[in-house]
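Colleague: I have a structure here, written as structure tokens, and I will follow up with some questions on it.
Since every read-out is calculated from the coordinates, none of them should be taken as a lab result. Since we're looking at a predicted model, the values are computed, not measured. With ideal geometry, Cβ positions are generated from the backbone for all residues, glycine too; neighbour counts draw on all protein chains shown.
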Amino acid sequence: MSTIINVEHLNKNYGQKEILHDLNFKVDHDQIIALIGENGAGKTTLINILLNLISTNSGTVSILDNAKDLKERIGVMMQSNISITRITVKEILKLTQSYYKNPLPYEKLIELANLKKLENSKMNELSGGQKRHLAFALAIAGNPDLLFLDEPTAGMDSQSRTKFWQTISTLKSQHKTIFVTSHYLEELETIADRIMILQNKSIDFDGSIAELRSLEGESMVEFDSELLPDLFKSIPDIIDFKNIGNHYRFTTKNAESLMEKITPYLNAISNLKVQQNSLDSLFVNFNKGDANHE
Ligand SMILES: Nc1ncnc2c1ncn2[C@@H]1O[C@H](COP(=O)(O)OP(=O)(O)OP(=O)(O)O)[C@@H](O)[C@H]1O
């Protein structure tokens, strides 16, 4: 099978400012890739380069092996909402479908994008969240193989977000490849096959969430105790330790060995909580580790 995205030695500057430095990665079929990074890290810049909307300073980018029908096979939902016009949702979707050889059937399209109740609304009458639904519908109208989603759920209510990610899951099961950026890391956590962390101008981490956990800590253990913090200092495999007043919080690679260590003190411990580390805290730890290494 061909490679969906292939990036080699990609460099990008805006004027004197270097944004991306020597990026190298490949994306294969049927994957959901989450590109995460702080504001200004360069995520949108990278997507714009992949879409050939802006140029690189050097390096090569190939999408779908530069197929002749490339435009037909890519769907895009950018951060900014579509411009406002007075035509209806149905009219713009039908028009967009007409540009493609094998568009999604109209009924399927409005169902997937959650637009059934809005098909006769004029575009300029849609709310911010509803415009995101429409932007998504326009992105998938052509039944693309590769979908770029830049902050897709920004402005959507929580029910819509849940439905949106279910739809993304369905699309993946239909062999679509999805490249998504979002600051809502808890949403990406369950859906992404692969996490790419963009920081310091390069891809600093590229792997599964399980791999990120093995690097940055499987679990978070929290409890309240009157005991002195020194008692807890010799516990192995601790990645991060916080003690505020009576509250203790450990990020650990090995929750079992931590539990063994604290078992003798269980009488003096309350509100014990053990949970798998979230993508949010993994990302924070990753950033912290990176800052410490600088
Ligand atoms: N056209 C431009 N000209 C000059 N600098 C730009 C331009 N577009 C973006 N930048 C700068 O490039 C950097 C990366 O911006 P980019 O929009 O790619 O970040 P991002 O990771 O998508 O951020 P966010 O999470 O806030 O959307 C930022 O410092 C931004 O100010």
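Colleague: Can you pull the semi-axes for region 198-259, root of five times each eigenvalue of the Cα gyration tensor, sorted largest first, whole Å?
Modeller: For region 198-259, the semi-axes come out at 28, 13, 9 Å.
Colleague: Further question: Under a Cβ-only charge scheme (Lys and Arg +1, Asp and Glu -1), can you give me the dipole magnitude of region 218-276 about the Cα centre, in debye to the nearest 20?
Modeller: That gives region 218-276 a dipole magnitude of about 80 debye.
Colleague: Let me ask you something else. On a 0 to 90 degree scale, rounded to 10, what angle separates helix 128-140 from the longest Cα axis of the chain?
Modeller: With both axes taken from Cα atoms, the answer is about 70 degrees.
Colleague: Something else: Calculated from DSSP H runs of 4 or more alone, at -39500 (n - 2.57) each and per residue, what is the 222 nm mean residue ellipticity of the chain, nearest 500?
Modeller: Calculated from helices alone, the mean residue ellipticity at 222 nm is -9000 deg cm²/dmol.
Colleague: Which trypsin sites (Lys or Arg not before Pro) from region 48-127 combine a DSSP loop assignment with at most 11 other Cβ atoms within 10 Å?
Modeller: Lys68, Arg86, Lys101
Colleague: Work out the length of the dipole vector of the chain about its Cα centre, built from +1 on the beta-carbon of each Lys and Arg and -1 on the beta-carbon of each Asp and Glu, and round it to the nearest 20 debye.
Modeller: It works out to roughly 1320 debye.
Colleague: Lys and Arg at +1, Asp and Glu at -1: add these up for the other residues within a Cβ distance under 11 Å of Leu171 and post the number.
Modeller: 0
Colleague: Share of Cα-Cα pairs in the chain beyond 30 Å, in percent?
Modeller: So the pairs more than 30 Å apart make up 43 percent of the total in the chain.
Colleague: Which pairs in the list Lys68/Lys101; Lys71/Lys176; Lys201/Lys253; Lys233/Lys273; Lys94/Lys163; Lys68/Lys163 are over 25 Å apart, alpha-carbon to alpha-carbon?
Modeller: From the list (Lys68/Lys101; Lys71/Lys176; Lys201/Lys253; Lys233/Lys273; Lys94/Lys163; Lys68/Lys163), the Cα-Cα distance tops 25 Å for Lys201/Lys253; Lys68/Lys163.
Colleague: Same structure, new question: Which value, in Å to one decimal place, does the Kirkwood hydrodynamic radius take for region 132-233 when every pair of different Cα atoms is included?
Modeller: 16.3 Å
Colleague: Could I ask something else about it? What percent do you get for the relative contact order of region 5-212 when only Cα pairs under 8 Å and 6+ apart count?
Modeller: 30 percent
Colleague: In Å, what is the Rg of the alpha-carbon atoms in region 24-68, and how long is Dmax?
Modeller: 11.7, 35
Colleague: Here is a further query. Give the long-range amide H neighbours of Ile178: residues separated by 5 or more places, or on another chain, with amide H under 5 Å away, using H modelled in the peptide plane at 1.01 Å from N.
Modeller: Gln31, Ile32, Ile33, Leu147
Colleague: Within region 164-251, list the GluC sites (Glu not before Pro) lying in a DSSP loop whose Cβ has at most 15 other Cβ atoms in a 10 Å radius.
Modeller: Glu226
Colleague: Check cross-link reach from Lys108 to the aspartates and glutamates: straight Cα distance under 19 Å, and skip same-chain residues fewer than eight apart.
Modeller: Glu72, Glu91, Glu119, Asp145
Colleague: Of Asn120, Tyr184, Phe148, which is farthest on the positive side of the dipole of region 55-204, counting Cα position, with +1 on Lys and Arg Cβ, -1 on Asp and Glu Cβ, and the Cα centre as origin?
Modeller: Asn120
Colleague: For the chain, give the share of DSSP beta bridges that are antiparallel, in percent and rounded to the nearest 5; count only bridges with both residues there.
Modeller: 70 percent
Colleague: Tell me, in nm to one decimal, what length is gained between Phe241 and Tyr99 on full extension, where the rule is 0.36 nm per residue of separation less the Cα-Cα distance?
Modeller: Contour length minus Cα-Cα distance gives 45.5 nm.
Colleague: Between helix 279-293 and the chain, what is the angle of the helix's C-alpha long axis to the longest principal axis, kept within 0 to 90° and rounded to the nearest 10?
Modeller: 70 degrees
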